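These notes are about the structure you will find just below.
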Amino acid sequence: MSTGLSSLSKLPELTTLYPFAGAEYVYTLILLGFIVVFFMWQTAMEQLHIKKIMGEAKSEPAPSAAAFAPAE
Amino acid sequence: MANETTALTTLFTEFYFFMTIVLMFFIHVGFCMYEVGVSRTKNLQHTLLKNTMAIPVVGLVFLLFGMWFYIALQAWPVGSTAVSFETGFEPWSQKLAPNITDRISGVFWAAFALFGMTAASIVSGSIIERAKTTGFLIFAVYVGAVSWVIPAAWGWAGNGWMVQYLGFHDQYCSAVLHAPAGFATLGLLLALGPRIGKFGPAGEVREIPIHNPWMVTLGIFLIFIGFFGFYAACHIPIVNVAAEGAPAFWTATNIYGVPITLSGVTLNFLFALFGGMITAYLISGGNSFWTYSGGLTGLISASAGNDFYHPILALIIASAGTVLAYTLHNFVERRFKLDDAVGAVAVHGYCGVFGGLVAGFVLWGYPAVMPSPGTLISLSEGAGWFGTNAEGLPIVTPMGNAICTAVFAIGFGLIPGYIIGMLLKGFGLLRVPAAVEVSGLDGEVVPYNYPAVSGTEAAFEAIVKQEAKL
């Protein structure tokens with residue numbers, strides 16, 4: 001079985017070298033999905049990270065925040 | 001390949017672009033070191049990873065649509081209303097994968113993708129210590145794969161409509177890349193707000209102590225090295241620019257197909273660097289942050305015309321741009337309470353605009369483009385709205401460069417930067433809560449950033465001694 005390159009006897013006829021040539025639209029969809037999953041995962045991961053810090057911050061003595069002016 | 005000349009020029013070009021990509025990665029090493037050096041010890045890993053993740057994220061979306069924008073939109077909407085989906089740079093193209101019939105598209109794509117990652121990195125440093133990574137990465141998709149790519153298609157390609165009709169010239173992307181990235185940063189900063197404690201109750205500016213000045217300076221040194229790769233990637237390194245039927249004329253060209261020498265460009269690069277560093281050193285009273293940043297302000301100020309300037313001209317322009325950046329940065333910080341942690345708006349935004357404007361005056365009358373079969377550049381019907389030379393080629397003018405620079409900085413930088421920033425803010429994706437900002441964005445890993453300083457190492461060593469019964 002060969003998914004792509006199977007012979008080197010006709011060099012001038014060589015074109016694509018990668019497996020499953022012709023499935024580029026499928027590759028594109030995989031790329032798109034990978035990006036979407038990354039952003040969803042990243043968003044959830046960061047929210048969790050922030051919640052954790054907030055929890056730790058509440059359990060600590062209050063910082064001397066009077067000197068600061070929060071920007072938001 | 002059909003013959004030795006084709007083989008040599010093709011393989012040389014392939015290897016040339018490959019090496020520029022390697023060099024350009026130093027920009028990212030530099031940005032990471034720089035930003036981490038500027039951050040306080042409670043924010044180091046967050047700062048590092050926020051910047052680092054821009055590399056893969058921008059790279060992925062650049063394959064998805066970034067490079068296609070650059071190729072497909074060059075004539076649109078003025079030269080042509082048609083947009084092709086058969087450019088060879090769609091994500092499903094067979095040329096962007098190992099293919100023995102194409103040795104250029106991949107390295108060409110990668111050089112552009114590195115430009116995009118750099119553009120996104122420009123934003124990253126300004127917003128450290130209070131911005132969420134998710135918001136930044138969404139913003140990075142815009143800045144890295146859209147904000148400068150469409151300007152590049154229009155004004156940084158020989159067949160781009162702004163080059164053909166407005167005679168725009170910006171060889172090393174002062175206005176094409178640095179201006180939109182810098183002004184998009186400004187828009188985002190307006191939505192984001194300053195770090196807690198940056199400005200006092202009376203509005204006075206406070207210096208937030210940076211945690212490692214040596215990382216900052218070495219980081220900018222590495223950016224200088226990467227900048228060589230960036231410059232190199234803006235050329236066609238070897239091509240026959242002769243007209244059809246004329247004797248061959250092999251040369252390196254700028255991005256517009258006009259013959260140049262790498263030798264001359266090297267001097268201009270260095271003299272712009274020298275001018276910026278010396279000027280910044282003097283006007284800042286020997287401030288190390290500004291002296292190193294001055295190398296960048298000098299380079300970016302002179303970059304638009306550094307393919308043709310005399311080295312001393314490059315030095316003068318670099319000096320002037322550096323004075324402008326230094327003065328404006330301090331004025332805007334005081335007057336508008338803008339907390340730009342690394343001075344990116346000044347270095348990239350103000351100097352990018354300055355560079356684009358100056359090139360229009362200094363190179364007034366230069367042919368903006370040279371069509372030839374070798375470079376695949378052709379002349380559009382009716383090209384040269386602001387004038388043509390004796391051969392009918394569009395010429396560089398102050399008006400043409402001013403219009404394009406303004407469109408890039410405001411239209412692709414400031415306005416969308418502010419709108420996207422406000423949208424991110426509205427969705428709660430832009431800024432961490434104040435409590436997180438105060439305690440540090442690294443959370444539970446803060447004590448591990450410098451274990452010898454935080455006491456973590458000493459605590460562990462105490463356990464070791466106890467277990468060893470010493």
Determine whether residue B:183 is surrounded by 24 or more Cβ atoms within 10 Å (Cβ to Cβ) and out of contact with any Pro (no Cβ under 6 Å at 6 or more places or on another chain).
yes
Let me confirm something: among B:194, B:201, which residue is within 14 Å of chain A (Cβ to nearest Cβ) and open to solvent by 50 Å² or more (accessible area, probe 1.4 Å)?
B:201
When (1) more than 30 Å from residue B:204 (Cβ to Cβ); (2) within 10 Å of chain B (Cβ to nearest Cβ); (3) at pLDDT below 95 are applied to residue A:62, the one that fails is (1)
Contact list please: Cβ distance under 8 Å, first residue in the range B:92-111 and touching a residue at least 40 places away in the same chain (Cβ under 8 Å), second residue open to solvent by less than 70 Å² (accessible area, probe 1.4 Å) and of a type in the set (A, V, I, L, M), pairs at least six apart or on different chains.
B:107/B:21; B:109/B:63; B:109/B:67; B:109/B:96; B:110/B:21; B:111/B:21; B:111/B:24; B:111/B:233
Going by what's in this entry, would residue A:43 be described as in a helix (DSSP H, G or I), at the interface with chain B (Cβ under 7 Å from one of its Cβ atoms), over 21 Å from residue B:134 (Cα atoms) and without any contact (Cβ under 8 Å) to a residue 12 or more places away in the chain?
no
Any chance the range B:112-124 includes a residue that's aromatic (Phe, Trp, Tyr), in a helix (DSSP H, G or I) and over 14 Å from the mean Cα position of the chain (by Cα)?
no
Residues that are open to solvent by 40 Å² or more (accessible area, probe 1.4 Å), under 30 Å from residue B:305 (Cα atoms) and of a type outside the set (Gly, Ala, Ser): which helices (runs of 4 or more DSSP H) entirely in the range B:398-470 hold 2 or more of them?
B:398-406, B:415-426
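Restricting to the range B:17-54, name every residue that is open to solvent by 30 Å² or more (accessible area, probe 1.4 Å) and either acidic (Asp, Glu) or assigned to a helix (DSSP H, G or I) (or both).
Hits for the range B:17-54 are B:18, B:19, B:22, B:23, B:25, B:26, B:29, B:33, B:45, B:48, B:49, B:52.
Any residue at all in the range B:215-232 that's over 30 Å from residue B:327 (Cα atoms), surrounded by 23 or more Cβ atoms within 10 Å (Cβ to Cβ) and not hydroxyl-bearing (Ser, Thr, Tyr)?
The initial filter retains those residues of the range B:215-232 that are over 30 Å from residue B:327 (Cα atoms), namely B:232.
Then drop every residue that is not surrounded by 23 or more Cβ atoms within 10 Å (Cβ to Cβ), which leaves none.
Checked the range B:215-232: no residue is over 30 Å from residue B:327 (Cα atoms), surrounded by 23 or more Cβ atoms within 10 Å (Cβ to Cβ) and not hydroxyl-bearing (Ser, Thr, Tyr).
The values are calculated or read from the model by the stated rules, or taken from the named source; none is laboratory data. Model, not experiment: these values are computed from the prediction. When we count neighbours, we look across all protein chains shown, and the Cβ atoms used for this are built from the backbone with ideal geometry, even at glycine. Each accessible area value is taken on the protein alone, full model and side chains, heavy atoms only, with ligands, DNA and RNA left out. Shrake-Rupley method; radii C 1.70, N 1.55, O 1.52, S 1.80 Å.
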